[in-house]
Amino acid sequence: MSSAPIQRPIRRDEYEKMVELGLFEGERVELLYGVIVRMPPKGPPHDSAIQRLTKLLLPALLGRAAVRVQSAFAASDGSEPEPDLAIVPEGEYRDQHPRQAFLLIEVADSSLAVDRVTKAKLYAESGVPEYWIVNVRDGIIEVHTDVVSAAYTRVSPYRTGDRFRVLRFADVEIVVADIL
């Protein structure tokens, strides 16, 4: 007979109530698969990439989609991650976080392993058709697409000198050197 304690995952509605009560005041946390996870500190390369992406995507998608920066995404009943950028349908998100996204973007340095494994799995399971990891350490943007059986089946790496287009908004071209 095992004496290991039985763990109960936290539901997203419980997590949101904890946030509302101020239980994580001054902490950077997110809910991933029922577990409250601390987010690593951000450095200048991380914040610079977010600033550049926002400057590029916001005007290009104005009137077609909402660009949310470091805001919660209602991925599932047990997960509420905070991607660095989320391109979601336009709408009023005053009462609830978006449950659908066209594109989620994580800027990664020390979080690369979590972003490649845990978040890629979560975002694919949530039906997000396109997911980028902006790897500031190695100077590469990894574009994950083609969800099959709740997993991304295609990962396309782009480096300085490369350009590519946003899957849902093919008129929006990304020049890697403009981001990294």
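The values are calculated or read from the model by the stated rules, or taken from the named source; none is laboratory data. Treat the numbers as computed from the prediction; the structure is a model and nothing was measured. Here the Cβ is made from the backbone with ideal geometry for all residues, glycine too, and neighbour counts use every protein chain on show.
Values for this structure:
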{"item": "Some residue of region 104-116 being in contact with a Phe, Trp or Tyr (Cβ under 7 Å, 6 or more places away or on another chain), within 19 Å of A75 (Cα to Cα), among the aliphatic types (A, V, I, L, M) and touching a residue at least 40 places away in the same chain (Cβ under 8 Å)", "result": "yes"}
{"item": "Residue in region 159-175 that is surrounded by 15 or more Cβ atoms within 10 Å (Cβ to Cβ) and of a type in the set (S, T, Y) present", "result": "no"}
{"item": "Condition broken by Y93, with the remaining ones in (1) under 27 Å from A177 (Cα atoms); (2) among the hydroxyl-bearing types (S, T, Y); (3) part of a loop (DSSP other than H, G, I, E, B) satisfied", "result": "(1)"}
{"item": "Any hit, region 46-56, residues being surrounded by 12 or more Cβ atoms within 10 Å (Cβ to Cβ), free of Cβ contacts under 8 Å to residues at least 60 places away in the same chain and aliphatic (A, V, I, L, M)", "result": "yes"}
{"item": "Scan of region 1-28 for residues that are part of a loop (DSSP other than H, G, I, E, B), of a type outside the set (F, W, Y) and surrounded by 12 or more Cβ atoms within 10 Å (Cβ to Cβ), ordered by number", "result": "P9, I10, R11, L23, R28"}
{"item": "Top-ranked residue in region 29-43 [being modelled with pLDDT of 95 or more and not in a strand (DSSP E or B); ranked as farthest from A86 (Cα to Cα)]", "result": "G34"}
{"item": "Residues being under 16 Å from the mean Cα position of the chain (by Cα) and acidic (D, E) - total across region 119-164", "result": "3"}
{"item": "Pairs with Cβ under 8 Å, 6+ apart, first in region 158-180 and more than 20 Å from V128 (Cα to Cα), second surrounded by fewer than 18 Cβ atoms within 10 Å (Cβ to Cβ) and basic (K, R)", "result": "V175/R163; V176/R159; V176/R163; D178/R52; I179/R52"}
